[in-house]
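No lab work stands behind these numbers, since they all come straight from the coordinates. Remember, it's a predicted structure, so these values are computed and weren't measured experimentally. We place every Cβ from the backbone using ideal geometry, glycine too, and count neighbours over all the protein chains shown.
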Amino acid sequence: IKIEGGGPIGSILVDSNAKGEVRGYVTHPQTHFDLNEHGKLDVRKAVGTEGLLTVVKDIGLRDNFSGQVPIVSGELGEDFTYYFATSEQVPSSVGVGVLVNPDNSILAAGGFIIQLLPGTSDETISKIESRLSTIEPVSKMIQRGLTPEEILTEILGEGNVNILEKMDVEFSCQCSRERIANALISLGKDEIRDIIETEGKAEAQCHFCNETYQFSKEDLEELEAETEK
């Protein structure tokens with residue numbers, strides 16, 4: 001997922017897989033500004049309202065699925081709801097929220113996605129819409145200690161939740177020294193030689209996990225030799 005809204009935090013990039021492994025970063029994570037008139041984090045101001053939301057999915061076919069829509073509000077829940085309706089043609093409701101401490105550290109954050117299956121009755125749709133209009137923000141529910149199952153019950157009603165599968169979600173980064181080395185090799189012999197002669201070393205930092213990889217002159221010379229194989 002890539003979000004480019006023109007706001008002060010710059011681009012947002014998130015990568016996830018079917019194992020529940022997630023990583024992401026924003027271009028300018030140290031951006032600070034006042035809370036909005038409701039005392040909440042002003043996501044709209046941070047993200048911006050002029051740009052694009054892009055989703056790329058590897059669904060096992062030859063080509064990846066790619067969908068893109070304009071950002072309509074800067075409030076991510078509303079923008080993803082618009083994306084699902086416009087790009088994937090799936091009626092959906094997306095709720096996201098974050099609460100911050102006075103020092104701007106995260107107190108509670110989370111979200112949900114509800115999507116209608118084909119054949120859903122008008123009565124069921126009406127009940128879900130009614131409950132969605134009255135529930136408290138998802139961040140408040142998380143702050144109260146509600147589990148994901150309890151949050152679903154808040155949204156769908158008692159007795160209407162049937163858990164089919166559970167999966168832990170965790171941060172995981174796939175960066176490695178080998179991947180960085182391969183990226184350097186892809187620059188070509190001339191570019192590596194230029195780095196050796198001008199810098200004498202190379203350093204690369206992963207945007208997702210901040211891991212730093214150092215390559216000495218000797219390392220670079222070995223990579224230079226690899227380009228000739």
Quiz item: To the nearest 10 degrees, how steeply does helix 177-186 sit against the main Cα axis of the chain, on a 0 to 90 scale?
Solution: 60
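Quick one: which of 159-167, 89-97 comes out on top by average Cβ neighbours within 10 Å, and what's the full order, highest first? Don't jump to the answer; show the numbers that get you there.
Values: 159-167: 8.1, 89-97: 16.6.
Result, highest mean Cβ count within 10 Å first: 89-97, 159-167.
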Quiz prompt | Dipole of the chain [Lys/Arg +1, Asp/Glu -1 at C-beta], most positive-end residue of Leu184, Leu223, Val14 | solution = Val14
Practice problem: Rounded to the nearest 500, what is the 222 nm mean residue ellipticity of the chain from helices alone, with -39500 (n - 2.57) per DSSP H run of 4+ residues and division by all residues? | Solution: -9000 deg cm²/dmol
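Packing-wise, with mean Cβ within 10 Å as the measure, how do 197-204, 60-67, 41-48, 220-227 rank, highest first?
Going by the mean number of other Cβ atoms within 10 Å, highest first, we get 41-48, 220-227, 197-204, 60-67.
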Exercise. Work out the P(r) tail for the chain: percent of alpha carbon pairs separated by more than 23 Å, whole number.
Key: 62
Quiz prompt | Which of Leu146, Gly51, Leu76, positive extreme of dipole for the chain (C-beta unit charges) | solution = Leu146
Practice problem: Compute the long axis of helix 122-132 from its Cα atoms, compare it with the longest principal axis of the Cα atoms of the chain, and write down the angle in degrees, 0 to 90, nearest 10. | Solution: 70
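Kindly work out what percent of the DSSP beta bridges joining two residues of the chain are antiparallel, to the nearest 5. If you can, show how the numbers build up before the last one.
On the way: 29 of 31 bridges.
Taking every DSSP beta bridge within the chain, about 95 percent pair in antiparallel fashion.
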Quiz item: Helix 189-198 sits at what angle to the longest principal axis of the chain, using alpha carbons and giving 0 to 90 degrees rounded to 10?
Solution: 80
Practice problem: Bin width 5 Å, alpha-carbon pairs only: give the P(r) of the range 160-229 as whole percents, running from 0 to the bin holding the largest distance. | Solution: 3, 15, 22, 17, 11, 7, 5, 5, 4, 4, 3, 3, 1, 0
Quiz prompt | Cysteines in the chain lacking a second Cys C-beta under 4.7 Å | solution = none
